[in-house]
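Notes to accompany the following structure.
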């Protein structure tokens, strides 16, 4: 059984159909990439999966259970965690306190368990030296790492990453890729939206291509990126 299934999911805002009959599955332990041009509906897809917006039609199943009508908080507690394209930490709290909030309220952990777990996450994501720093004072790479760590603090079965490599230098991007690969290898299922293709293809085993809210293609990265249709639509290369 796939850990996540989307079956003919659609969403419109007025006359604009931003997600159009989208269907795909995520296997347990899989890392799946989502690509597409700006306006393809990628972030809307994440908002539908997390429950931040409601689908107009279709079904979203988590481990076979229909969660289409459940709240964002219930989905978080059920095991769906996410990062945001623009980091949104609690700027006036320390890095450690940001993780504690996520672990206590999103991960429903006791205070003692949350503290131990958050210390482990600080180490895993390279944030331990900045544990007591205010989140609002962090440089970009550290804010990206905090966004990842906060999502991990909810103890997700599925981790949704929204353009987490954007704006980083090549070296910073390589560090982040290593961290994400480690998280995936330790059992987390991942869906990653990303424009930095070389980072994405170092982690994921399949790609979903979106265009105008529809699934254009699903497959192994090499096969997808060799498609003339994908190259023309996504890369702007004439087929």
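The values are calculated or read from the model by the stated rules, or taken from the named source; none is laboratory data. What you see is a predicted model, and the numbers here were worked out from it, not measured in a lab. Cβ atoms come from the backbone with ideal geometry, glycine included; neighbour counts cover every protein chain shown.
For segment 90-112, a residue qualifies if it is assigned to a helix (DSSP H, G or I), more than 23 Å from residue 137 (Cα to Cα) and touching a helix residue (DSSP H, G or I) at 6+ places or on another chain (Cβ under 8 Å), and the qualifying residues are 104, 106, 111.
Exactly one residue among 128, 120 is surrounded by fewer than 17 Cβ atoms within 10 Å (Cβ to Cβ) and closer than 17 Å to residue 188 by Cα, and that residue is 120. Exactly one residue out of 4, 45 is touching a residue at least 60 places away in the same chain (Cβ under 8 Å), farther than 24 Å from residue 229 by Cα and not assigned by TED's automatic domain parsing to the domain that holds residue 127, and it is 4. Evaluated against (1) without any contact (Cβ under 8 Å) to a residue 40 or more places away in the chain; (2) part of a helix (DSSP H, G or I), residue 184 falls short on exactly one condition, (1). Summed over segment 21-56, residues that are out of contact with any helix residue (DSSP H, G or I) (no Cβ under 7 Å at 6 or more places or on another chain) and either crowded, with 17+ Cβ neighbours inside 10 Å or farther than 13 Å from residue 215 by Cβ (or both) total 21. Of the residues making up segment 151-181, those that are over 12 Å from the mean Cα position of the chain (by Cα) and assigned to a helix (DSSP H, G or I) are 153, 170, 171, 172, 173, 174, 175, 176, 177, 178, 179, 181. Residues in segment 200-222 that are part of a helix (DSSP H, G or I) and more than 23 Å from residue 3 (Cβ to Cβ): 222 only.
Here are some conditions: (1) farther than 20 Å from residue 98 by Cβ; (2) not assigned by TED's automatic domain parsing to the domain that holds residue 2. Residue 183 meets all but one. Which one does it not meet? In the conditions (1) farther than 20 Å from residue 98 by Cβ; (2) not assigned by TED's automatic domain parsing to the domain that holds residue 2, residue 183 misses (1) alone.
Scanning segment 157-180 for residues that are modelled with pLDDT under 85 and either surrounded by 20 or more Cβ atoms within 10 Å (Cβ to Cβ) or under 19 Å from residue 45 (Cα atoms) (or both) gives a single hit, 166.
Looking at segment 1-72, the strands (runs of 3 or more DSSP E) lying wholly inside it that each contain 1 or more residues that are under 15 Å from the mean Cα position of the chain (by Cα) sit at 4-13, 16-26, 31-35.
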